[in-house]
Every structure is written in C-alpha cells, then in structure tokens.
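**Student:** Just passing along the structure, written as structure tokens.
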Amino acid sequence: MSAEEITNAVQLAQGGDRKAFHLLYQQHVGRVYAICWRLMGDRQKAEDVSQEVFVKVWQCLPDFKGDSSFATWLHSIATRTAIDCWRRDKRLSFVDPDQIDGMFDQDQSAAVTDNGDAGDLEQAIQRLPAQAKAVFVLFALEGYQHKEIAELLSIAEGSSKAQYHRARQLLRGFLREE
Amino acid sequence: MKSEQELDQAIAALPREMQPQRDLWRDLEKQLPERRHVRKRQMSLVNQALALAAVLALVVVVSWRVLVVPDNADMPVATTDVPDPVDDQLPPQYAIVQQYETLVAEQQGMLSRSTGFVGDWQYQLATWDSAIGQLRTALDYYPDDPQLLAQMQGLYAQQLDYLHLISSVEPNGYYYSGEEL
C-alpha cells in the first residue's frame, strides 16, 4: 500500500469502514503478531493478543490525529498491549528460568528454523528468562531505547541495560551448544 | 556462534514479521464494536452552523456601524459617567480600551451572581467584543482615525448600556430604573 492509500484507508476506517480497516489489518498483522509471539512464546496467546491489539486500534482510531505515522501509532499500541498481556501471564512469572527450555511453541518456531542462524536464534530467544527476553525483543528487534523499555516494563533503565547484556550472553551460550 | 558480531548478524537476519497460522480476521471482525460516527458528524454540523451565524452577526454589526452611522455626531452616547478617553500618555485607542474595559469588567462582575434570567447576554457581549476587536485591528493601521475611534467608543458605550440594562432587571422581571433610590 502506498502512503496515500494508507491515509485513505485510515480515514475511511475512522469513519467506521470495516473493509478499509481490514486492509490496514492485512498490512500490519505480520509485525503485530511477531511481537506478540516473541513475547508470549505461545501461538494461541499470540493470536489472542494480536486480536486484542486490533480491537484497541479500532476503538482508538477516531482519536488518531496523524501526529506520527499510522504504523508507528499502531505499533505503539501493539507493544503496550503485548506487554500488558505478557505481564498478566502468570506462567512466565513463576517458571524457573532453567525450566523454560522447550516450553515455547515449537510449531511457530519451526516456521523460521529453516532459516539457518536466524532460526536457531529465534528458538534461543524463547529460552531466555522472561524479563531478559522482553528487554531483548524490545531493544534488539523492535528498536526501543532502554529508557523507553524501562518505562514500558516498570524497571530501572540500568536494569534494562543489564538484562540486555545478560540476554546476549545467554544467547551466545545457547547458540554455542547447537 | 562465537562472536558478538555473529550474534548481531543473526539478529539482523531475524524476520520483522510473522504470519499467524490461521486467519484472525473472522473472529476479530466480530469483536469490533459499532462506531457512532454519525452522531459526531451531526454535532459537527451544528457547531458549523453556529459558527456561521456568529460570523454573519458580526459582519452585520460591523457593517451597520461603518455604513449606516458614518460620523461621530450620530454615535450613541453612553448613559454612564465615563472618563474622557483622551490620555496624553497613551495612543487614543488604548486610552479608550483601558477606560472602558475597566468599567465593563466592573459591571460584569456585578452580573455574575444572577444572570440566568436575562438569556443570551454573554453571546451579545461577545458580539460587541468581536466588533471592537475588528475596530482595534483597523486602528492598528490608522491609529488616529477619528471615525474609527468614535466607532469604538460608541460600541463600548452600547456594551456598557446593555450591561446596565440587564443588571437593572430583577429575576422576577421587574425593571429597576434606579430612580427609586
């Protein structure tokens, strides 16, 4: 979709046009689902969270003023919603990091495991402890700064940096094993 | 993977998008609430109509002052004791503004307690304010134009007269002229 087509679709969707919103959904579902899956590590939960994201986007769309690009605005909603769900997910909070190995969704990760190092890395990310994984995903894959991550995860900026450093060390260790 | 550089390369190779294994749209569409955009649009049209009416009223008032009442002699005279607008320290228009704004503010302060019975007095005052604003803009270009100064003084006088009038009306509708004292 061109920028003009996106603008038109946004305006139509703001007026309640579901077909236009479907176009926007198709355009962005891949990126939204990616962050949801990487944070939740579970296909069913990632699907549920992705749907929740788009319902929120639909509800908030009339308030979108175009101060930032639509993609940026949508991605911000997706990140915050995914983190809220990730935080609510008690399973991740109470699991011993050493036992996390193998708990993530093998089917989804299989979709990228054929891609050499990237596939191995995708699986290794899911073996990370919950907070280190969240920090790593947000910083290395989603492009957030540590200050923003600290705010999103309600942790200190220094903790975010430490968790990222720890995540990289663990990933290198996991990948060395394989 | 042995080096940081190799890890960075692997991170860069990760896909930024993943497609869900099933179509989420069908379930999603059922969850989308109806949008009440029609009502919002109607409100917007009402606001537009009100704005248009206010602009037209302003144009009529200003036009009437400029075209029908051309000189100072025909201007209505304030019934209140208003100080002489001429002030050696200030340009004439600022002297007028300073003197009348104080009186208008004092009069408005007296009104604030019970004004529900006199209708749209705030709208009326706003109309005068707008007209005065237009004249002030004109006076910025022609600061010594006697006709413009007289018109501005006349508008202030009308506004003050109106404020005196509505402050003399009791909530029960009785007109209090002041002569009873």
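The values are calculated or read from the model by the stated rules, or taken from the named source; none is laboratory data. None of these values were measured; they are calculated from a predicted model. Neighbour counts are summed over all protein chains in view; Cβ atoms, including those assigned to glycine, are modelled from backbone coordinates with ideal geometry.
**Student:** Would you check if A:VAL49 is of a type in the set (A, V, I, L, M) and closer than 19 Å to B:ASP27 by Cβ? Walk me through how you get there before you give the answer.
**Tutor:** Numbers: of a type in the set (A, V, I, L, M): yes; closer than 19 Å to B:ASP27 by Cβ: yes.
Yes, satisfied.
**Student:** Could you tell me which numbered condition A:ARG127 fails, if it satisfies all but one of (1) in contact with an Asp or Glu (Cβ under 7 Å, 6 or more places away or on another chain); (2) modelled with pLDDT under 50?
**Tutor:** Evaluating A:ARG127 over (1) in contact with an Asp or Glu (Cβ under 7 Å, 6 or more places away or on another chain); (2) modelled with pLDDT under 50 leaves (2) as the failure.
**Student:** Which members of segment A:123-140 meet the condition of being more than 15 Å from A:GLU157 (Cβ to Cβ) and in contact with a Phe, Trp or Tyr (Cβ under 7 Å, 6 or more places away or on another chain)?
**Tutor:** Looking only at segment A:123-140, we keep the residues that are more than 15 Å from A:GLU157 (Cβ to Cβ), and these are A:123-130, A:132-133, A:136-137, A:140.
Answer for segment A:123-140, where residues must be more than 15 Å from A:GLU157 (Cβ to Cβ) and in contact with a Phe, Trp or Tyr (Cβ under 7 Å, 6 or more places away or on another chain): A:ALA124, A:ILE125, A:GLN126, A:ARG127, A:LEU128, A:PHE136.
**Student:** Could you tell me whether any residue of segment A:52-60 is among the aromatic types (Phe, Trp, Tyr), outside the structural domain of A:GLU142 (by TED's automatic domain parsing), in contact with a Ser or Thr (Cβ under 9 Å, 6 or more places away or on another chain) and at pLDDT 90 or above? Walk me through how you get there before you give the answer.
**Tutor:** Our first condition is that a residue be among the aromatic types (Phe, Trp, Tyr); within segment A:52-60, this holds for A:54, A:58.
Narrowing the set further to residues that are outside the structural domain of A:GLU142 (by TED's automatic domain parsing) leaves A:54, A:58.
So of that shortlist, the ones also in contact with a Ser or Thr (Cβ under 9 Å, 6 or more places away or on another chain) come out as none.
Among the residues of segment A:52-60, not one is among the aromatic types (Phe, Trp, Tyr), outside the structural domain of A:GLU142 (by TED's automatic domain parsing), in contact with a Ser or Thr (Cβ under 9 Å, 6 or more places away or on another chain) and at pLDDT 90 or above, which makes the answer no.
**Student:** β-branched (Val, Ile, Thr) and modelled with pLDDT under 90, is that true of A:ILE6?
**Tutor:** Numbers: β-branched (Val, Ile, Thr): yes; modelled with pLDDT under 90: yes.
So A:ILE6 passes the test.
**Student:** Given (1) basic (Lys, Arg); (2) modelled with pLDDT of 80 or more; (3) exposed (fewer than 14 other Cβ atoms within 10 Å of the Cβ); (4) within 19 Å of the chain's Cα centre (by Cα), identify the lone condition not met by A:LYS90.
**Tutor:** So A:LYS90 meets the others, but not (2).
**Student:** Now, a different point. Mind checking which pairs have a first residue in segment A:12-24 that is facing chain B (nearest Cβ under 9 Å) and a second that is in a loop (DSSP other than H, G, I, E, B), Cβ under 8 Å, 6 or more apart or different chains?
**Tutor:** A:GLN14/A:PHE64; A:GLY15/B:ARG35; A:GLY16/B:GLU34; A:GLY16/B:ARG35; A:ARG18/B:LEU32; A:PHE21/B:LEU32
**Student:** Let me ask you something else. Condition (residue is of a type outside the set (A, V, I, L, M, F, W, C), surrounded by 12 or more Cβ atoms within 10 Å (Cβ to Cβ) and either assigned to a loop (DSSP other than H, G, I, E, B) or at pLDDT below 55 (or both)) applied to segment B:1-13: is it met by at least one residue?
**Tutor:** From segment B:1-13, those of a type outside the set (A, V, I, L, M, F, W, C) are B:2-6, B:8-9; that's our starting set.
Narrowing further to those that are surrounded by 12 or more Cβ atoms within 10 Å (Cβ to Cβ): B:6, B:8-9.
Next, from what is left, pick out any that are either assigned to a loop (DSSP other than H, G, I, E, B) or at pLDDT below 55 (or both): none.
For segment B:1-13, residues of a type outside the set (A, V, I, L, M, F, W, C), surrounded by 12 or more Cβ atoms within 10 Å (Cβ to Cβ) and either assigned to a loop (DSSP other than H, G, I, E, B) or at pLDDT below 55 (or both): absent.
**Student:** Assess whether A:CYS60 counts as being surrounded by fewer than 19 Cβ atoms within 10 Å (Cβ to Cβ) and in contact (Cβ under 8 Å) with a residue 12 or more places away in the chain.
**Tutor:** Values: surrounded by fewer than 19 Cβ atoms within 10 Å (Cβ to Cβ): yes; in contact (Cβ under 8 Å) with a residue 12 or more places away in the chain: yes.
So A:CYS60 fits the description; yes.
**Student:** Further question: Among the residues of segment B:30-41, is any in a helix (DSSP H, G or I), facing chain A (nearest Cβ under 8 Å) and either farther than 13 Å from A:PRO62 by Cβ or at pLDDT 85 or above (or both)?
**Tutor:** Yes; the residues of segment B:30-41 include at least one that is in a helix (DSSP H, G or I), facing chain A (nearest Cβ under 8 Å) and either farther than 13 Å from A:PRO62 by Cβ or at pLDDT 85 or above (or both).
**Student:** If you don't mind, another one. Kindly indicate whether any position in segment A:134-147 is of a type in the set (A, V, I, L, M), more than 18 Å from A:ARG88 (Cα to Cα) and not in a loop (DSSP other than H, G, I, E, B). Show your work before the answer.
**Tutor:** Restricting attention to segment A:134-147, the residues satisfying the condition of being of a type in the set (A, V, I, L, M) are A:134-135, A:137-138, A:140-141.
Adding the requirement that they be more than 18 Å from A:ARG88 (Cα to Cα) leaves A:140-141.
Checking which are not in a loop (DSSP other than H, G, I, E, B) leaves us with A:140-141.
Yes - at least one qualifying residue is present in segment A:134-147.
**Student:** Still on this structure, please answer the following. Taking segment A:153-163 as the region of interest, how many residues are surrounded by fewer than 18 Cβ atoms within 10 Å (Cβ to Cβ) and closer than 11 Å to A:VAL135 by Cα? Break it down into steps so the answer makes sense when it comes.
**Tutor:** Of all residues in segment A:153-163, those surrounded by fewer than 18 Cβ atoms within 10 Å (Cβ to Cβ) come to A:154-159, A:161-162.
Those still in the list that are closer than 11 Å to A:VAL135 by Cα too: A:155, A:157, A:159, A:161-162.
Going through segment A:153-163 one residue at a time, the tally reaches 5.
**Student:** Could you please find all residues in segment A:41-76 being under 13 Å from the mean Cα position of the chain (by Cα), of a type in the set (A, V, I, L, M) and within 12 Å of chain B (Cβ to nearest Cβ)?
**Tutor:** Matches in segment A:41-76: A:ALA46, A:VAL49, A:VAL53.
**Student:** Could you please let me know if A:LEU74 is touching a residue at least 40 places away in the same chain (Cβ under 8 Å), farther than 27 Å from B:ILE11 by Cβ and either in the same structural domain as A:ALA13 (by TED's automatic domain parsing) or in a helix (DSSP H, G or I) (or both)? Break it down into steps so the answer makes sense when it comes.
**Tutor:** Numbers: touching a residue at least 40 places away in the same chain (Cβ under 8 Å): yes; farther than 27 Å from B:ILE11 by Cβ: no; either in the same structural domain as A:ALA13 (by TED's automatic domain parsing) or in a helix (DSSP H, G or I) (or both): yes.
Spelling it out, it is not the case that A:LEU74 is touching a residue at least 40 places away in the same chain (Cβ under 8 Å), farther than 27 Å from B:ILE11 by Cβ and either in the same structural domain as A:ALA13 (by TED's automatic domain parsing) or in a helix (DSSP H, G or I) (or both).
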